[in-house]
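Shown next, in structure tokens, is the structure this report addresses.
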Amino acid sequence: LSLGNAFEESDVTEFLGRVRRFLNLPEATEIEVTAEPKIDGLSISLRYENGKLVQAATRGDGAEGENVTANVKTIGDVPEKLTGKAPAVLEVRGEIYMSHKDFAKLNEKQSQDGEKTFANPRNAAAGSLRQLDSSITASRPLRFFAYAWGEAPELPAKTQYEVLEAFKRWGLPINPLTKLCKSTVELLQHYQVIEAMRADLRYDIDGVVYKVNDIGLQKRLGFVSRSPRWAIAHKFPAEKASTV
């Protein structure tokens, strides 16, 4: 690890240390943790009943968001009907985003039409999703990744990673860079792999999120105010570029 990452390394070690202390586990206990890219987009919550999409809402303040069901139904990545045997009620949480290429095309079109251009892909995704006319949303190239769940009376597995695998079977897109790690070294190695790919990915990310894999342990760890004790975001340093 380079010197610049020394603080992040201690943060990750301390995160796993806090988890072990809270659960009264010996220091040497191995804890499986998932590592996934932190997508810089718009958080969305999708409610499926009997496999059918019945409601989509922005996350808002965590308790109340905007109803954007009609608009979300125009996004190709979001299945209106899940495949396979999904639970009767399932709330899927994820991120709506726009690729760099599609963002550039959209801004070019906005400029040609004499419309306001967007500052970045995140703003473009948010502005496109919040249109009053869903046909405008349909014309915008929005994408989606699922990464978590809210209300779900029954889950298909006992671990974070296996629930994501079930999401994939049901037709929900999950980020292919999500990895199951078994040590601080593995987590930091995967962080560096993702950071090295950052400039070449087709979408914006601003870090890597680590989550304790065992859902039973997640429940025991719980939350501090609104932050889960079982997850931490490992942010990237600001991107640097040379200008002429």
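The values are calculated or read from the model by the stated rules, or taken from the named source; none is laboratory data. Bear in mind the structure is a predicted one, so any value in this text is a computation, not a measurement. Neighbour counts run over all protein chains shown; Cβ positions are idealised from the backbone, glycine included. Ligands, DNA and RNA are excluded from the accessible area calculation, which covers all protein heavy atoms including side chains. Shrake-Rupley method; radii C 1.70, N 1.55, O 1.52, S 1.80 Å.
Does the stretch 150-166 hold any residues that are closer than 23 Å to Ala70 by Cβ and open to solvent by less than 60 Å² (accessible area, probe 1.4 Å), and which are they? Passing the criteria: only Gly150. Restricting Ala138, Ala152 to residues that are in contact (Cβ under 8 Å) with a residue 12 or more places away in the chain and part of a helix (DSSP H, G or I) narrows the list to Ala138.
In the stretch 179-195, is there at least one residue being closer than 30 Å to Glu80 by Cα and buried (at least 16 other Cβ atoms within 10 Å of the Cβ)?
yes
Go through the stretch 94-134 and give me each residue that's over 11 Å from Leu42 (Cα atoms) and in contact (Cβ under 8 Å) with a residue 12 or more places away in the chain. So that I can check it myself, show each step before the final result.
Let us first name the residues in the stretch 94-134 that are over 11 Å from Leu42 (Cα atoms), namely 99-120, 131-134.
Listed by number, the residues that qualify are Ser99, His100, Lys101, Asp102, Phe103, Lys105, Leu106, Asn107, Phe118, Asn120, Gln131, Ser134.
Note on the stretch 35-85: residues that are in contact (Cβ under 8 Å) with a residue 60 or more places away in the chain, closer than 20 Å to Ala233 by Cα and among the acidic types (Asp, Glu) total 2. Tally up the residues in the stretch 204-244 that are of a type in the set (Val, Ile, Thr) and without any contact (Cβ under 8 Å) to a residue 40 or more places away in the chain, please. Residues meeting the conditions: 3. Only residues that are in contact (Cβ under 8 Å) with a residue 40 or more places away in the chain, among the hydrophobic types (A, V, I, L, M, F, W, C) and farther than 24 Å from Ala238 by Cβ were counted in the stretch 172-203, giving 3.
Return a yes/no flag: does the stretch 67-74 have any residue that is touching a strand residue (DSSP E or B) at 6+ places or on another chain (Cβ under 6 Å), among the polar types (S, T, N, Q) and surrounded by 13 or more Cβ atoms within 10 Å (Cβ to Cβ). Quick ask: steps written out before the conclusion?
Looking only at the stretch 67-74, we keep the residues that are touching a strand residue (DSSP E or B) at 6+ places or on another chain (Cβ under 6 Å), and these are 67-69, 72.
Pick out the ones that are also among the polar types (S, T, N, Q) and you get 67, 69.
Next cut, surrounded by 13 or more Cβ atoms within 10 Å (Cβ to Cβ) only: 69.
Yes; the residues of the stretch 67-74 include at least one that is touching a strand residue (DSSP E or B) at 6+ places or on another chain (Cβ under 6 Å), among the polar types (S, T, N, Q) and surrounded by 13 or more Cβ atoms within 10 Å (Cβ to Cβ).
Is it the case that Gly207 is surrounded by 13 or more Cβ atoms within 10 Å (Cβ to Cβ) and assigned to a loop (DSSP other than H, G, I, E, B)? Reasoning before the result, please.
Working: surrounded by 13 or more Cβ atoms within 10 Å (Cβ to Cβ): yes; assigned to a loop (DSSP other than H, G, I, E, B): no.
So Gly207 fails the test.
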